[in-house]
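**Q** Right, I'll just put the structure down here and ask away after.
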Amino acid sequence: MLVLAALTRKRAKLGYIAAGGKIDPAGNGTEDDKRTKVTAAIAKYLADCRDRQGKSGYGPGARTVEDYEYRLSFLAEYGPDAYLDQVDVAFIRGFRSFLRKHPADFGDRSCHNIMQAVSTFLIRSNIMAAKPVLKEMSFPPTEVIPYTDADLPNHSFTPCVDADEVKDRLPRINADGANFHGTPPLFTFAPSWGL
């Protein structure tokens, strides 16, 4: 058990260094000065996500960052004074219990989504404690009811378009295809191709 605790501390230390933290080799300062609070690590993780957020489809999307911020707020609510090196399987199990008893009355799927975001955040900090707890969580699958052959003729799959829009647009379309998009504009200038 002590070996696992030491290994967890070492992983947290390496995660702290990888996130840009500095460790004083001389040992100056208190032990708490060298440790990272969960809330500070969440803030740094969200800032990193916003920094990597792409506009061309690369990096996390804007909605993803908003979802992480919302979901990780529950971890900050559960352990506002906790340090990253204190996060272990027992801490995560307590967090899962906190989610189940939360006043917002989360469903199984919501708890799973929150725990998945927490697991991703902790893995980024080199803490693998949430993975086994996440595997234990489940939720009932959403029932998919396919349409029967009898339902298909009665169901309109066309998009909802105002009938007046279609009625007003039809006379302007040349159905023969010669001028499908209307009469082309007349050229009022002569091209000067080397003339």
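**Q** Looking at Ala76, Ala104, Ala82, Ala90 in this structure, which one is among the aliphatic types (A, V, I, L, M) and more than 25 Å from Arg11 (Cβ to Cβ)?
**A** Ala104
**Q** Here's a follow-up. Which one of these does Asp81 not meet: (1) closer than 15 Å to Ala41 by Cβ; (2) of a type outside the set (Gly, Ala, Ser); (3) assigned to a helix (DSSP H, G or I)?
**A** (3)
**Q** Follow-up. Keeping to region 85-115, report how many residues are farther than 22 Å from Glu136 by Cβ and touching a helix residue (DSSP H, G or I) at 6+ places or on another chain (Cβ under 9 Å).
**A** Total satisfying the criteria: 1.
**Q** For region 90-195, which fully contained helices (runs of 4 or more DSSP H) count at least 1 residues that are at pLDDT 60 or above, closer than 21 Å to Asp67 by Cα and out of contact with any Pro (no Cβ under 9 Å at 6 or more places or on another chain)?
**A** Passing ranges, in order: 108-124, 130-136.
**Q** Just give me the residues in region 121-133 being farther than 19 Å from Lys37 by Cβ and buried (at least 17 other Cβ atoms within 10 Å of the Cβ), in sequence order.
**A** Selection gives Val133 alone.
**Q** On to the next question. Of all residues in region 134-147 being closer than 16 Å to Ile114 by Cβ and not aliphatic (A, V, I, L, M), which is surrounded by the most Cβ atoms within 10 Å (Cβ to Cβ)?
**A** Phe139
**Q** Give me a count of the residues in region 38-76 that are over 12 Å from Phe121 (Cβ atoms), over 15 Å from the mean Cα position of the chain (by Cα) and of a type in the set (A, V, I, L, M, F, W, C).
**A** Number of matching residues: 1.
**Q** Restricting attention to region 53-79, and to residues there that are hydroxyl-bearing (Ser, Thr, Tyr) and more than 12 Å from Ile114 (Cβ to Cβ), which single residue is surrounded by the fewest Cβ atoms within 10 Å (Cβ to Cβ)?
**A** The selected residue is Ser56.
The values are calculated or read from the model by the stated rules, or taken from the named source; none is laboratory data. What you see is a predicted model, and the numbers here were worked out from it, not measured in a lab. Neighbour counts are summed over all protein chains in view; Cβ atoms, including those assigned to glycine, are modelled from backbone coordinates with ideal geometry.
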